[in-house]
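See below for the structure under consideration.
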Ligand code: NAD
């Protein structure tokens with residue numbers, strides 16, 4: 001049987017680590033060629049490419065580029081396009097730092113907005129016209145529960161994620177009638193995770209572990225108990241499984257959605 005995403009090319013930004021790596025593996029397992037991307041040491045790049053291939057990707061290649069810089073985003077999109085047209089674009093690379101609004105440096109604001117929000121604008125502008133022309137395309141923007149509700153000490157992050165949800169809805173509307181059920185259509189959705197166990201949230205785990213004599217498990221439990229009613233971390237592979245489903249032709253009418261994967265966080 002032909003794999004579901006056989007013949008598709010997926011670019012997953014920030015896929016050398018965490019959620020992006022989980023998505024790269026899931027799309028590879030579904031048969032897509034995967035453009036792995038991130039700011040990472042050579043051994044981490046190689047490990048991510050090998051992980052995508054081991055999961056089943058017929059081909060995986062690494063591409064770099066600091067997504068805070070629009071010129072580098074342009075170069076990234078050109079380099080991937082030279083390999084093949086982007087059918088699946090996953091805007092996942094992101095950063096966060098917890099700090100009170102009054103103490104947040106303007107440079108932090110600029111960096112978080114550039115990476116978490118503006119980068120998606122630039123990549124979507126480059127990739128989406130081709131998706132429309134081919135009648136199939138998937139844009140999956142990894143937002144956050146913080147694109148749906150706020151928490152204190154995350155002003156730049158929450159702003160970037162609310163913006164990403166809005167950007168995704170606009171693009172979903174503009175491309176809603178592209179293609180058809182047979183070709184798969186062009187859809188744009190956000191995945192909105194709660195806590196996912198990745199390096200991004202280690203500082204927040206560590207801060208709580210410190211209050212429990214350095215016990216990391218106690219730190220994780222404390223973090224979950226504050227917001228996530230399931231009291232379970234999501235894993236990157238869980239997010240990957242949802243991303244792969246969104247790429248199926250059967251998902252042709254799911255567009256403009258912001259899908260929480262948050263153990264009930266935003267149900268409260
Ligand atoms: P991570 O730190 O494990 O991975 C981040 C990835 O982004 C890495 O591949 C890194 O190389 C890349 N990256 C960082 N800065 C970059 C830059 N300037 N240019 C290009 N690439 C850059 O983090 P993660 O937890 O996997 O986060 C992935 C996405 O998921 C982020 O957008 C984050 O906001 C979102 N998210 C994470 C959680 C969570 O609990 N971990 C929850 C909700 C949303």
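All of the numbers you see were taken from the coordinates with simple rules; none came from a lab. Values in this document were obtained by computation on a predicted structure and should not be read as measured data. Here the Cβ positions follow ideal geometry from the backbone for every residue, glycine too, while neighbour counts run over all protein chains shown.
Observations, loosely collected:
- Cα centroid of the range 87-135 to Cα centroid of the range 20-83, whole Å: 17
- If the Kirkwood radius is taken over C-alpha pairs of the chain, then at 37 °C and 0.692 mPa s the Stokes-Einstein diffusion coefficient equals 176 µm²/s.
- Fraction of alpha-carbon pairs over 26 Å apart in the range 130-268 - percent: 32
- Highest to lowest packing among 100-109, 247-256, 114-123, scored as the average C-beta count within 10 Å: 114-123, 247-256, 100-109
- Placing a pseudo-label 7 Å from each Cα along the Cα-to-Cβ vector at residue 210 and residue 249 gives an inter-label distance of 5.4 nm.
- Rounded if a/c under 1.5, otherwise prolate or oblate - the range 10-112, Cα gyration tensor axes: prolate
- The share of C-alpha pairs in the range 63-178 whose separation exceeds 26 Å stands at 23 percent.
- Cα-projected label distance for residue 83 with residue 50, points at 7 Å along beta-carbon direction, nm: 1.8
- Relative contact order of the chain, taken over Cα pairs closer than 8 Å and 6 or more residues apart, is 20 percent.
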